[in-house]
Amino acid sequence: MNKKTLSESDICDKYIRPAIEDAGWNGMDQIYSQYPLRAGRMVVRGRQARRDETTVVRADYALFHKINIPLAVVEAKDNKHAMGAGMAQAINYGQLLQVPFCFSSNGDGFVFRDATLADGILERNLTLDEFPSPADLWERYCAWKGWTDTVRSVAESEYAPSKTPRYYQLAAINRTVEVIAGGQDRVLLVMATGTGKTYTAFQIIRLGVSASMCREFLNLSNNSNHARWHYATNASGTSSSMKNVSREVALRTPVPLPPLAEQRRIIVRVESLRRLCADLRQRLAAHQNTQAHLAEALIETSST
């Protein structure tokens, strides 16, 4: 097979993703293709509004240590480009996700950029079978952060968002939890109106959990419609967009409590369904992107 004749999508499917999975990355909850970074600019004409698809920003692959803990970005190019041709894009996307590891590939191998300088080398070329494992990058990341065991145990804990956070929400959640785990008592988190302050704050909250309850089950219950109704009903304040929920109201939130084994079974099932939904959304986005390119190609062909 002549790689030069393959499209970027074919290079991803036949060479890049298999190499990543062979290194030990889980395709369900660690590898995200066409990962959305920026939704794109809204264009308003009179009373009509539409999303400018040309301004949508997606990473070819985002790699996660655990759900919502990003580690690396992989940018792909077809084989007519050099192996490192996508590095500039990868670095830009890595800065958005605040990750130190960036990869660029054309299907022949990878250019690996390690901003942690764990071994004193910033960039190096890797063969397809030399892609680093999740454990390798996570150890480099934790050493780069200088985390103690206590900070690491808190920072790497999973949380249960009701939707995929935007890149800046991810950064806000993870950095805030990180500094609190490091012993900082006060944190000022500044976010613009409409960027999801309440949503972000709910992901940061850590409540004490008894031995009869699984923390992940509590997070799931706390994001349920029943819990949201409880908060909305008992919130104080006169503003319709910015209600106050006191600590007492939060602690009075009714939580269903099945046996511990059943809680864990529910969590496993819910996470499996979430991963499936995330994968389907990514596939749909990739197909829509392909359709847009085909439509542009047809228009261009018909106009010549």
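Where a number appears in this text, it was derived from the coordinates with a stated rule and is not lab data. Computed from a prediction, not measured in an experiment: that's the story for all the values here. Virtual Cβ from ideal backbone geometry, glycine too; neighbours counted across all protein chains shown.
Structure data summary
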read-out: Burial ordering of Lys77, Lys14, fewest other beta-carbon atoms within 10 Å first; value: Lys14, Lys77
read-out: Label-to-label distance, nm, for residues given as Arg175 and Ile204 (7 Å Cα→Cβ offset); value: 1.1 nm
read-out: Positive-end extreme of charge dipole, the range 3-146 - chosen from Ala118, Leu128, Met42 (charges on Cβ); value: Met42
read-out: Assigned charges on the beta-carbon of Lys, Arg, Asp, Glu; the chain dipole about Cα centre (debye); value: 1480 debye
read-out: Listed residue (Gln95, Ala227, Gly84) projecting farthest to the positive dipole end of the chain, Cβ model; value: Ala227
read-out: Share of Cα-Cα pairs in the range 76-175 lying beyond 15 Å, as whole percent; value: 69 percent
read-out: At R0 = 35 Å, FRET efficiency that the Cβ-Cβ distance of Leu294 and Asp136 yields, to 0.05; value: 0.35
read-out: Length released on extending from Arg152 to Arg281, taking residue separation times 0.36 nm less the Cα-Cα span; value: 43.4 nm
read-out: Full-stretch length increase - Gln95, Asn225 - with 0.36 nm per residue and alpha-carbon distance subtracted; value: 43.3 nm
read-out: Percent of C-alpha pairs per 5 Å bin, the range 3-146, short to long; value: 2, 10, 19, 22, 20, 12, 7, 4, 3, 2, 1, 0
read-out: The chain: Lys pairs at Cα distance under 18 angstrom, eight or more positions apart or on different chains; value: 12
read-out: Length gained when the stretch Thr193-Asn26 is fully extended (0.36 nm per residue, less Cα-Cα span); value: 56.5 nm
read-out: The chain pair-distance distribution - Cα-Cα, 20 Å bins, rounded %; value: 27, 55, 18, 1
read-out: Orientation-averaged projected area, Cα convex hull of the range 148-206 (nm²); value: 4.1 nm²
